[in-house]
Amino acid sequence: MTINSRYFVSDPILRPIAEELYASAQDLPLVCPHGHVDPRLFADPEYHFGNPVDLMIQPDHYVLRILHSHGISYSDLGIPSRIGIPVEEDPRKIWQVFADHFYLYNATPTGLWIRDELSEVFGIDEPLNSQNAQSIYDSINQALAKADCTPRKLYHRFNIAVLSTTDSPSDDLLAHRQIAADWGGHILPTFRADLIVHIDRSEWLLEIEKLAAA
């Protein structure tokens with residue numbers, strides 16, 4: 001399945017226009033102004049992602065919310081709580097839960113993104129389900145261990161021109177200094193003020209104090 005067949009309108013008049021517009025832009029470098037990316041991933045030239053759960057499930061609140069909205073507890077997905085409820089620690093079990101409920105992502109943007117990621121990044125076109133969950137887990141795990149699957153290598157593979165991270169107001173930006181010192185990737189810090197504007201949060205005063213000391 002091509003990018004075109006996944007995303008373009010089926011209308012016979014509009015589709016050629018969409019394909020023409022896409023063709024004119026598809027090879028342009030990416031400018032990513034809001035990445036939600038931890039800059040420490042790029043500070044270490046040999047950094048590798050952990051496992052499929054570390055990469056695709058636990059950091060993604062869109063993935064988590066769909067599962068949780070259908071009765072799956074965060075603890076079953078390995079997400080710790082403030083009250084210390086025991087959580088699932090086996091990534092294969094968490095991945096199995098994800099695969100068992102992958103149908104929940106049908107007709108959602110999140111589902112499109114995940115299917116595109118599986119196909120375009122990992123070469124997996126087989127639909128994820130309960131039966132093939134573990135074999136797909138193994139395929140992703142093997143890909144993540146390869147030398148060409150570091151964040152710096154993927155930055156170039158994806159033809160990224162600029163990527164902005166999302167940083168706390170009090171961040172010391174050490175990772176950004178490390179990136180600038182030994183790599184040519186264009187990774188920019190971006191000030192995200194959430195922690196200092198939500199005065200109803202328990203950590204608000206601490207964040208204000210950290211910002212004052214920065």
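Data overview
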{"quantity": "Pairwise centroid distance, computed over Cα atoms, of the range 11-38 with the range 46-86, Å", "calculated": "30"}
{"quantity": "Rg to Rh, two decimals, where the range 50-146 supplies the alpha carbon set and Rh follows Kirkwood", "calculated": "0.95"}
{"quantity": "Relative frequency of Cα-Cα separations exceeding 27 Å in the chain, percent", "calculated": "46"}
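Since every read-out is calculated from the coordinates, none of them should be taken as a lab result. What you see is a predicted model; the values in this text were computed from it and never measured.
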